[in-house]
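Participant: Could you have a look at this structure, given as structure tokens, before my questions?
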Amino acid sequence: MSLYELSGVARYFQRGPTTVRALDDVSLEIEPGEFVALEGPSGSGKTTLLQILGALDRPSAGTVTFDGRDLVEQPDSALAELRLRSFGFVFQQFNLIPTLTALENVEAKLAPAGGTRERALELLAEVGLAERADHLPAHLSGGEQQRVAIARALSVEPRVVLADEPTGNLDSATGGEIIDLLANLAAEHGSTVIVATHDASLASRAPRRVAMRDGKLAGIVGAIPA
Amino acid sequence: MFYLRYLRNELVRRRTRTIVTLVGLGLGVALVVAIASLSKGLDRAQHKTLDPLAGIGTDLTVTLQPQQQQNGGFGGGNFGGPGGGGGGNRDLIQSNLSVLTDLSKLGKPGTHFVHDFFLPGTQLTFQQSAAQQIASLDGVQKATTGLTLLAEHQEGIVPKIVATLKTQAKTLTIQRNLPRPSAQDFAKMQACLQKLGVSIGRPQTQQNGGSGFGGGGSFGGGGTTRSADRSAFQKCLPASLRRFRTRVTTPSQTLKQVLNPPQTNISTTAYTIGGVDQTSPTMGVVTTAQVTKGTFLSPAGGKEALVATSYAAKHSLKVGSKLDLNGTTFTVVGVVSPPLGGQGADVYLPLKQLQTLANEKNLANVVLVHAKSSSDVAKVKQEIQAALPEAQVASSKDVADTISGSLVDASNLSHDLGLALSIVAAVAAFLLAALLALSSVGKRVRELGTLKALGWTQRMVVRQVAAESLATGILGGIVGIALGVAVAVAIDEFGPSLSASSSTGTDFANLGVSTVRTATRSVSLSAPVGITVLAIGFGLALLGGLIAGTAGALRAARLRPADALRQVE
């Protein structure tokens, strides 16, 4: 059984008098343990698709089945529970809580899930930031902040890590390191990774690349692993 | 606990916002606390100082005050006024005029004199028995008498100024009623006249012979030579009747007299003196409750005195000091802080002692009435009024209304303005806190969206935001209370003095005599901080925090996670 089954998913936004079709008739399957890149220019619908996959948003039409459950029918509380235990997010802007230290940022996800401080520290060690656990995000470099975000995303052993332009605010060398770290750790933790990016070189690292144009799927490169 | 650490970090690491909120809330709460304390202080001061009757265990005072109009009817009637004379006004003025020092009575010129004159002031005196009459009325628990007098203390050197007056000689004619001669005298006189050969007519009757002297008829009716008769009469008249008509010429005289001196060093100070029924320590012109130092007058009523705080300060009197009143030495046994208005005085003596000093034996000028229950006061007032139509019956409020001064103004102000100001301050603080909470949520939309992406439920986000505001409220309350208490302490320490004065009596302007008695009390402004005030302040801060928290939380709750994340900082 596929991890995700999307069928005819659409998402419309009302911008004044006009209706913007951010997503239009997207059908897609993603298997557990995959590393998928959603590729396309900005405005192509990558982020919207990622948010629907991460249960942050609901589609205007179509069905999204995750692990056999129809996300469209789940109440908000069930979606929150899914986000907490099954998904991990990594954002372009890192989205760390500015008043919390690196360690506390990891705890922000671990604590509601019942995780301990020690576990948070372990994860920081995995991303190589054990020594900077007590630093505030403002005192960390972009790469370090994104490592904290990766540690946070992986802290609850999620089924899926959803990364939205994770290297968009980093130089290419750091970006490469981050993608490698994400890919390796996800593999270690057994998490599926879905990365949205407009960077073709980054997307080329993914075994499967889903190209998007104007809210529609423009093509899939790479086979679904058997 | 992660959430508490998060809460603390939000407050500590967003220092500027926290401080602004705390200062805003704190100032609001402090203002409320300070105003409430001040208001309470003023109330307390007013209650203590301005509630003239409650402090002395009294509901009503009964006095006899002269009217401005010269209508008789005073002094008579039920009160059995002073000397029973009519025209109480004139009496009162007369009594008060006695202060015009009769220097001749003070001693020889050049000697130093000290004298206290006691004047009834504004209130007519009446027999003490009036109290029993009032006490027997229905609804009256107890009635005691007091005597409050205006005292003029004079001292200085008896002056000597001599004026020479020359009186004119005067001739005075004096007519005397002579005693009737007895029958024996008459017989003797008749015999004498007969011997001298003067014949007189028989007197009409022996019994009413006296009437015969009135006219010349009986005596002069003989008809013999008048001169011989006259000399015979002179001889024969009994000694007691011999000179019934006299003519006196006073000599011209030169008088030297000490006159009203224009230049003396006589100084006059006025104060009020109260006679207290020392056997009634809980109800009277002054009571044990007002004793701030020393003790109340002993029940025996010896030569003891109480002095009011202000008077004691002015004259450096303390417990144990001696007070000389016209040669009688009183020992100050206590310092009191009597309520203003009504019957408050500077010096208090046992009633009997004052009556003796002021020569007002068995007289009082106020009856203090304590009703059986406070609901009876109005009824008792009517009863007294009916029983004693000339009396003035004043309730606590009536007396309080006669008091004026900055304390009253401040108290009124604090009532009128204080509440409004408190409300404005509290509302302003609430608004500030709510706005800051809203703006804080506004600035943290992405952060809150991130929390939702991390799996935080709506409830958790709202709880966190609300808890932050609530914590801010609590801290703001603490800051505010600290500030408010500091202000209150500062007011206590450096607070300005307020004054209250009471004027009782009538200004007989048209008669040139004023019997207005003015007492002024200075009250140091205080702001006692009570538990209630603190609780109110804290409650307000909490409420402010809750309002702010709710505002912020509502806004946070409306965020959809995807929208929240879409927001760019």
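The values are calculated or read from the model by the stated rules, or taken from the named source; none is laboratory data. Just so we're clear, the structure is a prediction, and the values are computed from it rather than from any experiment. For neighbour counting, all protein chains shown are included, and Cβ atoms are generated from backbone atoms with ideal geometry for every residue, glycine included.
Participant: Do we find that B:Leu317 is assigned to a strand (DSSP E or B), touching a helix residue (DSSP H, G or I) at 6+ places or on another chain (Cβ under 9 Å) and modelled with pLDDT of 85 or more in this structure?
Facilitator: In short, no.
Participant: Tell me the residue from A:Ser155, A:Ser191 that is of a type outside the set (Phe, Trp, Tyr), within 13 Å of chain B (Cβ to nearest Cβ) and touching a residue at least 12 places away in the same chain (Cβ under 8 Å), please.
Facilitator: Among A:Ser155, A:Ser191, only A:Ser155 is of a type outside the set (Phe, Trp, Tyr), within 13 Å of chain B (Cβ to nearest Cβ) and touching a residue at least 12 places away in the same chain (Cβ under 8 Å).
Participant: Within the stretch A:31-56, track down each residue that is more than 14 Å from chain B (Cβ to nearest Cβ) and over 16 Å from A:Ile179 (Cβ atoms).
Facilitator: Passing the criteria: A:Glu31, A:Pro32, A:Gly33, A:Gly40, A:Pro41, A:Ser44.
Participant: Also, I was wondering about something else. Which ones in the stretch A:41-63 are under 13 Å from A:Ser7 (Cβ atoms) and surrounded by 24 or more Cβ atoms within 10 Å (Cβ to Cβ)?
Facilitator: Of everything in the stretch A:41-63, just one residue is under 13 Å from A:Ser7 (Cβ atoms) and surrounded by 24 or more Cβ atoms within 10 Å (Cβ to Cβ), namely A:Ile52.
Participant: Any chance the stretch A:138-157 includes a residue that's touching a Leu at 6+ places or on another chain (Cβ under 9 Å), within 30 Å of A:Gly8 (Cβ to Cβ) and buried (at least 22 other Cβ atoms within 10 Å of the Cβ)?
Facilitator: Yes, the stretch A:138-157 contains at least one residue that is touching a Leu at 6+ places or on another chain (Cβ under 9 Å), within 30 Å of A:Gly8 (Cβ to Cβ) and buried (at least 22 other Cβ atoms within 10 Å of the Cβ).
Participant: Taking the stretch B:303-314 as the search range and keeping residues that are crowded, with 18+ Cβ neighbours inside 10 Å and not in a helix (DSSP H, G or I), which one is farthest from the chain's Cα centre (by Cα)?
Facilitator: B:Glu304
Participant: Considering (1) exposed (fewer than 15 other Cβ atoms within 10 Å of the Cβ); (2) more than 10 Å from every other protein chain (Cβ to nearest Cβ); (3) of a type in the set (S, T, N, Q), say which one A:Gln92 fails and leave the rest.
Facilitator: Every condition holds for A:Gln92 apart from (1).
Participant: In addition: Give the residue that is nearest to A:Gly222 (Cα to Cα), with candidates limited to residues of the stretch A:1-17 that are at pLDDT below 90 and assigned to a strand (DSSP E or B).
Facilitator: The residue in question is A:Phe13.
Participant: Considering only the stretch A:57-84, how many residues are under 15 Å from A:Leu162 (Cβ atoms), more than 7 Å from chain B (Cβ to nearest Cβ) and not in a loop (DSSP other than H, G, I, E, B)?
Facilitator: 5
Participant: Across the stretch B:433-462, what is the total count of residues that are β-branched (Val, Ile, Thr) and facing another protein chain (nearest Cβ under 9 Å)?
Facilitator: Residues meeting the conditions: 2.
Participant: Here's a follow-up. Residue check, A:Ala130 against (1) closer than 21 Å to B:Tyr3 by Cβ; (2) away from chain B (no Cβ under 12 Å); (3) surrounded by fewer than 23 Cβ atoms within 10 Å (Cβ to Cβ), all met but one. Which one?
Facilitator: The number of the failed condition is (1).
Participant: Collect the residues in the stretch A:3-21 that are β-branched (Val, Ile, Thr) and surrounded by 17 or more Cβ atoms within 10 Å (Cβ to Cβ), keeping them in residue-number order.
Facilitator: A:Val9
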